[in-house]
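This report concerns only the one structure given below.
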Amino acid sequence: VTKATAATLANKMVELGYLTLDECICESVWPAFCPQEDPPEELLSCMKDVENISERWAWKRKICLRQILTHSTGLWFAVPANLTIKSLASCEHCAKGFAYDKLRPEDTILPVSEPGTQCTYQYLSFGWLVAGCIIGAYQRRHKILKSYKEIYEEILGDLHSKELQAA
């Protein structure tokens, strides 16, 4: 049920004005996701054998929450580099794996198709992408960094039935 709860939290945050469905996430709530207009030189030099780097970088810059929620980012296959069992348990760590890291440009995750053109189930990346947006949107408004769990509890915690909370 994690995808459903993540989507519910994201939509509630849209309703509360934290972010919109159609703003490019790298320009508003998650700048580190794809931090500059053109692909960085270190990325271009380390990925010489990868086709269409500039085009795929431009695609990543266009990704918005609506495309994440509809599984149409072109990142359906994406998993952060160097995952371990311990890091896999951290939503924040995995979300950070989608951000551009100039110290590890070879780990950059780029879409394989233009966002919004194909719907392909994001079986792993969905929750991490939503979490990155949620954490960034919360931090933008409150100027404080909180974990995904803390944000979830603050925004959706009261929606749980009192009977389930008591159990």
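A few notes on this one:
- In the chain, taking the dipole from charged Cβ atoms about the Cα centre, the farthest positive-side position among VAL130, ILE144, SER72 is held by ILE144.
- Residue with peak Gaussian network fluctuation, the chain [Cα springs, cutoff 10 Å], from GLN67, GLN122, GLN36: GLN36
- Anchor LYS102: aspartates and glutamates whose Cα lies under 13 Å away (excluding residues fewer than 8 positions away in-chain): GLU41, GLU42
- Global form of the stretch 53-119, assessed from the alpha-carbon gyration tensor, a/c cut-off 1.5: oblate
- Net lengthening on full extension, ALA4/ILE85 (0.36 nm per residue, minus Cα-Cα): 26.8 nm
- The simple spin-label model puts a point 7 Å past each Cα toward its Cβ; for ALA32 and SER45 those points are separated by 2.3 nm.
- Mean Cβ neighbour count within 10 Å, used as a protection proxy, ranking 94-105, 74-85, 130-141 highest first: 130-141, 94-105, 74-85
- Within the stretch 22-79, the proportion of Cα pairs with more than 13 Å between them is 63 percent.
- The chain, relative contact order in percent, only Cα pairs under 8 angstrom and at least six apart counted: 29 percent
- Cα gyration tensor shape for the stretch 4-100, rounded if a/c is under 1.5, else prolate or oblate: oblate
- The chain - Rg over Rh from alpha carbon coordinates, Kirkwood radius: 0.98
- Accessible-area composition of the chain, carbon plus sulfur, in percent [1.4 Å probe]: 55 percent
- Taking all protein chains together, CYS91, CYS34, CYS46 sort by accessible area into CYS46, CYS91, CYS34, largest first [probe 1.4 Å].
- Gyration tensor (alpha-carbon) shape descriptor, the stretch 78-167, a/c threshold 1.5: prolate
- Gap separating the Cα centres of the stretch 95-116 and the stretch 56-81, nearest whole Å: 9 Å
- Within the chain, helices built from complete DSSP H runs that reach 20 Å or longer along their own axis (Cα positions) and carry a mean Kyte-Doolittle hydropathy of -0.5 or higher are 125-142.
- Ranking SER54, ALA32, ASN11 by how far each Cα lies toward the positive end of the dipole of the stretch 1-54 (charges on Cβ) leaves ASN11 at the top.
The values are calculated or read from the model by the stated rules, or taken from the named source; none is laboratory data. Note that this is a predicted model, so its numbers are computed, not measured. In this analysis, Cβ positions are derived from the backbone assuming ideal geometry, glycine residues included, and neighbour counts consider all displayed protein chains. Remember, those area values only see protein heavy atoms, side chains included, never the ligands or the DNA or RNA. Shrake-Rupley method; radii C 1.70, N 1.55, O 1.52, S 1.80 Å.
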